[in-house]
Number of protein chains: 2
Amino acid sequence: VTNRGVTRVACCQLDPVILDVAGNMERGAQAIAAAVARGADIVVLPELASSGYMFDSAAELAAVALTPDDDRLSGWREPLRGGAALVVAGFPERGADGLFYNASVLLDADGVLAIYRKTHLWNREKLFFTQGGRPPPVVHTRHGRLGLLICYDLDFPEVPRALALRGADLLVAPTNWGLLGRPPGEQPPQVLNIRAAARASHVFIAACDRTGTERGQHWTGGTAIVDAEGWVAATPGTDGIAIADLPLAAARDRKLSDLNDVFGDRRPELYGALRAGAEGGRCAQGR
Amino acid sequence: VTNRGVTRVACCQLDPVILDVAGNMERGAQAIAAAVARGADIVVLPELASSGYMFDSAAELAAVALTPDDDRLSGWREPLRGGAALVVAGFPERGADGLFYNASVLLDADGVLAIYRKTHLWNREKLFFTQGGRPPPVVHTRHGRLGLLICYDLDFPEVPRALALRGADLLVAPTNWGLLGRPPGEQPPQVLNIRAAARASHVFIAACDRTGTERGQHWTGGTAIVDAEGWVAATPGTDGIAIADLPLAAARDRKLSDLNDVFGDRRPELYGALRAGAEGGRCAQGR
């Protein structure tokens with residue numbers, strides 16, 4: 001949090017090219033530089049921004065996966081040099097265990113602050129990636145408490161809820177949202193989802209999506225920065241960058257009325273069904 | 001579920017008059033009759049439909065609270081006579097324990113099938129009502145598996161999620177949604193919330209709201225029946241009734257792709273933070 005009392009968050013909605021790591025890193029670095037030039041404290045890139053998404057084979061993924069200390073990843077740190085800004089971006093991680101993870105990295109000018117491995121894998125990701133084994137982290141940074149998650153993780157209401165309960169003020173989500181049909185005038189369902197998640201837990205959310213069409217997959221371009229009441233604070237401008245000044249610490253005031261508090265009113269003792277899979281609870285029987 | 005293969009659900013958006021039990025019962029019965037005449041299998045009335053909401057004192061509540069076997073409640077069963085329809089409606093319950101509950105009752109022509117006592121109380125409800133001690137029930141009825149909850153319960157993502165996990169196909173929510181400011185063109189935040197909850201758990205939701213202004217409180221009139229993808233299936237017509245034919249059993253097919261399932265993809269072992277209050281989890285420390 002800067003002395004402006006707010007954190008300037010930017011989402012750079014890119015169109016990564018499948019397998020073109022050098023090009024994607026360069027375009028990512030240019031977008032980060034543009035956001036930093038506009039005063040961004042936190043810059044977010046899409047899911048798998050270094051590689052593209054639509055892998056045809058494990059061999060393709062293996063050819064573009066990076067270890068967190070790979071020199072190529074440091075290309076996204078160059079635009080941060082001499083400043084205090086942070087980057088959150090998606091990339092395919094080659095683990096020390098020889099497995100591949102759909103990961104996001106939190107960077108500052110000096111190096112890697114955190115890595116998160118996606119814990120809910122969408123569709124063919126399951127063929128190529130291993131799901132992360134640890135909960136999404138809450139990272140206390142100089143610009144606020146960030147909860148890291150990725151795309152399909154957001155479809156599980158438990159995930160943003162748990163991150164907010166654990167103290168995150170801003171959820172930072174690189175995404176690749178597949179384009180879904182919707183009635184005219186409606187927002188993408190994925191945006192509706194993050195708005196509801198933000199409102200439910202009184203937490204800010206920055207979802208950085210991608211654009212374009214990749215091997216037949218149409219992407220949504222649904223990037224949105226959402227405030228803690230669930231209203232859309234920013235969507236991308238003509239340069240593809242969504243930018244908003246967010247009073248992140250205000251997320252922590254969860255009082256709704258003299259007698260209500262977003263978290264204080266929870267009844268965790270009644271939510272036991274969430275610990276199990278489907279139909280884990282007992283059903284009352286009517287006739 | 002009828003031989004049409006769908007369940008016809010109707011929400012009757014009323015404007016209950018504070019403390020006028022006889023009049024509210026009568027207007028409720030007329031609305032139920034109108035919905036049944038249109039073929040409704042399940043008819044929903046708002047929260048506290050028999051009494052109004054804005055109590056000034058415990059004495060006012062005591063004067064209008066009903067036991068579930070009160071003859072006056074049977075007024076809502078009259079229009080069901082000779083048929084198979086069900087009613088879900090809100091009323092202030094006088095418990096055998098001498099305490100008062102913000103409750104909903106599930107009725108058929110023959111009597112009371114279930115009672116639910118609201119487990120999350122909004123604002124001044126806390127002054128007059130006691131919160132329910134048991135989780136919202138899932139009731140297996142002749143018209144589908146109904147999850148019963150009330151208004152502010154919906155603001156806790158854990159509640160609709162747990163009901164769907166426990167096998168509910170349709171969540172039935174009497175509400176009294178206080179009117180909130182919103183930008184032009186936006187739906188009420190409460191509607192956005194139920195749409196996201198329906199989509200997240202692939203479950204149908206019928207929220208029956210109220211209209212009018214009561215002792216200075218403006219109500220939203222946000223009644224909506226939402227399908228399992230989160231789209232609005234019906235809002236009230238000029239007669240105040242929202243009506244939709246819902247293929248309730250279809251809620252149980254939660255396959256999203258060849259490799260994805262709404263519930264099967266959950267990672268309950270990673271959601272431990274939900275068991276505790278705020279900041280119950282460990283936070284990673286960055287710099």
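Summary table below
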read-out: Test: B:Asn260 is of a type in the set (S, T, N, Q) and in contact (Cβ under 8 Å) with a residue 12 or more places away in the chain; value: no
read-out: Residue in the stretch B:180-194 that is modelled with the lowest pLDDT, counting only those that are open to solvent by 30 Å² or more (accessible area, probe 1.4 Å) and within 12 Å of chain A (Cβ to nearest Cβ); value: B:Gly185
read-out: Total residues in the stretch A:58-73, condition open to solvent by 30 Å² or more (accessible area, probe 1.4 Å) and either free of Cβ contacts under 8 Å to residues at least 24 places away in the same chain or not polar (S, T, N, Q) (or both); value: 10
read-out: Subset of the stretch B:1-24 [at pLDDT 95 or above and over 21 Å from the mean Cα position of the chain (by Cα)]; value: B:Leu19, B:Asp20, B:Ala22, B:Gly23
read-out: Residue, farthest from B:Gln13 (Cα to Cα), within the stretch B:197-220, restricted to residues that are of a type in the set (A, V, I, L, M) and within 11 Å of chain A (Cβ to nearest Cβ); value: B:Ala200
read-out: Residues that are assigned to a helix (DSSP H, G or I) and open to solvent by less than 10 Å² (accessible area, probe 1.4 Å), drawn from the stretch A:74-88; value: A:Trp76, A:Leu80
read-out: Pairs, first at the interface with another protein chain (Cβ under 9 Å from one of its Cβ atoms) in the stretch A:115-139, second open to solvent by 60 Å² or more (accessible area, probe 1.4 Å) and at pLDDT below 95, C-beta under 8 Å, six or more apart; value: A:Val139/B:Gln285
read-out: Qualifying residues in the stretch B:140-165 (those that are touching an Asp or Glu at 6+ places or on another chain (Cβ under 6 Å) and within 8 Å of another protein chain (Cβ to nearest Cβ)) - the one most open to solvent (accessible area, probe 1.4 Å); value: B:Arg145
read-out: Residue count for the stretch A:12-45, restricted to those that are among the aliphatic types (A, V, I, L, M), part of a loop (DSSP other than H, G, I, E, B) and touching a Pro at 6+ places or on another chain (Cβ under 7 Å); value: 2
read-out: Selection status of B:Glu93, under 18 Å from B:Leu45 (Cβ atoms), under 19 Å from the mean Cα position of the chain (by Cα) and modelled with pLDDT of 95 or more; value: yes
read-out: Number of the condition not met by A:Leu48 [criteria: (1) among the aliphatic types (A, V, I, L, M); (2) buried (at least 17 other Cβ atoms within 10 Å of the Cβ); (3) in a helix (DSSP H, G or I)]; value: (3)
read-out: Tally, over the stretch B:235-252, of residues that are within 14 Å of chain A (Cβ to nearest Cβ) and either without any contact (Cβ under 8 Å) to a residue 40 or more places away in the chain or of a type in the set (A, V, I, L, M, F, W, C) (or both); value: 2
read-out: Qualifying positions in the stretch B:89-134 - open to solvent by 60 Å² or more (accessible area, probe 1.4 Å), under 28 Å from B:Arg8 (Cα atoms) and in a loop (DSSP other than H, G, I, E, B); value: B:Asp110
read-out: Flag for A:Ala173 being in contact with an Asp or Glu (Cβ under 8 Å, 6 or more places away or on another chain), farther than 17 Å from A:Cys11 by Cβ and part of a strand (DSSP E or B); value: no
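The values are calculated or read from the model by the stated rules, or taken from the named source; none is laboratory data. These figures come from a predicted structure and were not determined experimentally. Please note: Cβ atoms are built from the backbone with ideal geometry, for glycine as well, and neighbour counts cover all protein chains shown. Ligands, DNA and RNA are stripped out before the accessible areas are found, and what is left, the full protein with its side chains, is counted by its heavy atoms. Shrake-Rupley method; radii C 1.70, N 1.55, O 1.52, S 1.80 Å.
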